[in-house]
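Where a number appears in this text, it was derived from the coordinates with a stated rule and is not lab data. Worth saying up front: this structure is predicted, and the values here are computed from it rather than measured. Neighbour counts are summed over all protein chains in view; Cβ atoms, including those assigned to glycine, are modelled from backbone coordinates with ideal geometry.
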Amino acid sequence: SSDPPFRSAFLVRVIADMKIAAVVLLALVAVATAAPVTKVALNKVKSVRRQMRENGVQIPLSASKYTAKGDISLVDVMDAEYYGEIAIGSDNQTFKVIFDTGSSNLWVPSQSCKQSACLSKDRYDSSTSSTYAANGTSFSIGYGTGSCSGFLSSDSVNFGGYEISGQTFAEITQLDADVFGNAPFDGILGLAFPSISSDGVTPVFQNLVSQYNIDPVFAFYLSSDPEGKVGGEIHIGGTDSTYYTGDIQYVNVQRDTYWTIAIDSVNVGDTTVDSYTNGIVDSGTSLLVGM
């Protein structure tokens with residue numbers, strides 16, 4: 001039999017008031033055949049950092065970021081970034097987004113963005129959507145490698161086959177060209193807690209759970225094959241036991257901000273370093289970062 005295409009798994013379970021989560025890294029043994037959850041395919045591409053280096057642009061490592069229905073395929077960017085598709089508006093305008101557990105806002109480029117960094121991407125056009133509602137509040141957000149700004153709007157968002165009504169998101173009019181200009185994705189969909197959402201916007205996943213009363217669980221399955229076109233999947237509303245072995249281990253979340261968990265030690269080869277600290281489970285970061 002052929003080797004399974006997915007080699008690692010990442011599960012987050014939201015329980016009650018979002019203060020408990022399960023985070024588990026497991027070896028996968030088989031390709032999923034059937035599961036009562038929605039799956040969204042992921043794609044993988046070269047990381048923004050790698051693309052910048054190839055284009056002669058250097059950026060420092062920064063930790064500033066840290067101050068059926070439900071299935072989405074992912075694209076893997078050289079095992080560094082994984083993105084999948086969502087749709088916004090009554091006319092289902094499609095966007096490639098990073099599903100990021102290290103932030104909480106959804107943003108995509110606006111049709112009104114005339115920067116070169118925006119022109120190469122899919123841009124949201126509110127004039128073609130009958131479900132659009134104006135907001136106009138100014139928006140800005142910073143990440144470890146760059147920032148963007150624009151204004152808030154509301155519209156329907158299709159996430160893994162679920163049509164989420166009245167979702168507030170940001171239309172971006174200013175985009176950091178060095179960081180996002182050559183990126184193969186259009187925007188970012190944050191999956192962290194509402195408490196770190198810019199402008200107090202309710203995140204997509206919280207609205208999805210509220211509107212559809214699904215099991216508050218999402219899980220990532222990520223491929224490490226650099227030549228593979230399918231990068232994995234994000235599952236919404238449950239997990240698929242054919243993707244992993246053993247029992248899921250639940251870990252308390254330390255803060256209702258990022259997906260923060262307690263770390264007792266770090267093992268690298270035969271070396272163990274005791275480190276009683278907190279760590280952040282971040283699907284939008286490909287590195288282990290210490291501070």
So, counting K/R as plus one and D/E as minus one, what does the shell of residues with Cβ under 11 Å around ILE172 add up to?
-1
Taking H placed 1.01 Å from N in the peptide plane, check which residues at least 5 places from VAL217 or on another chain put their amide H under 5 Å from its amide H.
VAL14, GLY237, GLY238
Would you mind counting up the charge near SER156? Only other residues with Cβ under 13 Å from its Cβ, with Lys and Arg at +1 and Asp and Glu at -1.
-3
How high is the relative contact order of region 77-137, given as a whole-number percent (alpha carbon pairs under 8 Å, six or more residues apart)?
31
Could you order the peptides 178-186, 211-219 from most to least packed, using the average number of other C-beta atoms within 10 Å per residue?
178-186, 211-219
In angstroms, what radius of gyration and Dmax does region 89-182 have, counting Cα atoms only?
12.7, 36
Residue-count net charge about SER116 - beta-carbon cut-off 14 Å; Lys, Arg +1, Asp, Glu -1
+1
Prolate/oblate/rounded call for region 159-291, Cα gyration tensor, a/c under 1.5 rounded
rounded
Region 146-291, dipole about Cα centre (Lys/Arg Cβ +1, Asp/Glu Cβ -1), debye to the nearest 20:
200
